[in-house]
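Chemist: One structure, as structure tokens, below. Some questions next.
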Amino acid sequence: MRLIRWLTDGGDPAEVGGKAAALGALIRAGLPVPPGFCLTAAAYRQWVEMGRPEGLPPEVGAQLGTAVEELLGSEPAAGFAPVLAVRSSATAEDAPTASFAGQLLTRLGVPPDQVAAAVLAIWRSAEGAGVRAYRSRLGPAEVGVAVLIQPLVPAEASGVIFTADPISGDPDRLVVNAVWGLGEGVVGGLVTPDHWVVDKASGRILEAQVADKELMVVLDPSGGTRKVPAPPDRRGRPAFGPETLGELWRLARLVEQVRGAPQDIEFAAAGEKIYLLQARPITVRPADGWVSGFDSETDPDTVWTAANIQEVLPGLVTPLTWSAMQENLNYAFRKPYLETGTL
């Protein structure tokens, strides 16, 4: 029973979780991933079997402390911030059919002496009602929680790349969103990001939208992160220039090649270097060849449009919006049919 697995060692997703397994594959392929290790799902099971105590099991705490010291003292960790990113890597997380995105806690900017507390917080987040409900819909019998620990990249800009268009499913279009500062700004929806669409084959920029990025997420000197106003000269300036976009295009294609499927990639740029922080399959992607609502093959000449609903509800509809609108929409569409007896 191994409690610690380094990313360079490899590891089964059942032991280290989807996130760590994917990053391990990338780092072994020579791609730029921050060094790190994983506290395996065996440590979580040990904690659960002990009745979920307030502290870490003694053996887990000892091995974790040793690994943190080794990580921060290693040559690959030089140049990173002297604090850590502590993130969940559940065994059902970042899978092709389930991402668990946002379900389990992440702790950024964690001082070395607070890593144990961060691990416990992530383990406890796996016991919450939201995660239990998500798991019950998906049906996995058991979810083990591994925890990924890496030096925090002191990001000047961060973002996400989709190696297929996440809305249309077009596999030939690569989509990049980016903000100033740490990636919480874009993955947490705190800031409207810059948006680029790139031709996957050639790297040619097809679309470019520079946003007014009024906020950015930065490290808090007292620990963790905080939101601050973006400097005025950065707000309307693109987070990346053409050269960096070209490097992102190159790396994204390599990630997709290593992983063997379209990917949702998180990245951070510090200095002249780009680091890959996560790669998971795009979990919602239309199948090749659209199928209509009547389960029949779509005629090649059929043109689909979302113009009407796109005007009313631009962007993706969130669960909050849908919960507020569901009854009104049902009433509006059902009423005329009820009144004419044709429901």
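Chemist: Does A230 fit the bill of being aliphatic (A, V, I, L, M) and either out of contact with any Lys or Arg (no Cβ under 7 Å at 6 or more places or on another chain) or open to solvent by 70 Å² or more (accessible area, probe 1.4 Å) (or both)?
Modeler: So A230 fails the test.
Chemist: G203 is checked against (1) open to solvent by less than 40 Å² (accessible area, probe 1.4 Å); (2) in a loop (DSSP other than H, G, I, E, B); (3) more than 16 Å from D165 (Cα to Cα) and fails just one. What number does that condition carry?
Modeler: Going through the list (1) open to solvent by less than 40 Å² (accessible area, probe 1.4 Å); (2) in a loop (DSSP other than H, G, I, E, B); (3) more than 16 Å from D165 (Cα to Cα), G203 breaks only (3).
Chemist: With respect to P57, determine if the residue is over 27 Å from the mean Cα position of the chain (by Cα) and open to solvent by less than 10 Å² (accessible area, probe 1.4 Å).
Modeler: In short, yes.
Chemist: Just to be sure, is A208 surrounded by 23 or more Cβ atoms within 10 Å (Cβ to Cβ), part of a strand (DSSP E or B) and either in contact (Cβ under 8 Å) with a residue 24 or more places away in the chain or of a type in the set (A, V, I, L, M, F, W, C) (or both)?
Modeler: Against the criterion (surrounded by 23 or more Cβ atoms within 10 Å (Cβ to Cβ), part of a strand (DSSP E or B) and either in contact (Cβ under 8 Å) with a residue 24 or more places away in the chain or of a type in the set (A, V, I, L, M, F, W, C) (or both)), A208 does not qualify.
Chemist: Quickly run through region 168-196 and pick out the residues that are of a type in the set (A, V, I, L, M), open to solvent by 50 Å² or more (accessible area, probe 1.4 Å) and touching a residue at least 40 places away in the same chain (Cβ under 8 Å). First the steps, then the outcome.
Modeler: Narrowing region 168-196 to residues of a type in the set (A, V, I, L, M): 174-176, 178-179, 182, 186-187, 190-191.
From the residues that got through so far, the ones that are open to solvent by 50 Å² or more (accessible area, probe 1.4 Å) too are 187, 190.
Passing the criteria: only V187.
The values are calculated or read from the model by the stated rules, or taken from the named source; none is laboratory data. In this text, all values refer to a predicted model and were calculated from it rather than measured experimentally. Here the Cβ is made from the backbone with ideal geometry for all residues, glycine too, and neighbour counts use every protein chain on show. Remember, those area values only see protein heavy atoms, side chains included, never the ligands or the DNA or RNA. Shrake-Rupley method; radii C 1.70, N 1.55, O 1.52, S 1.80 Å.
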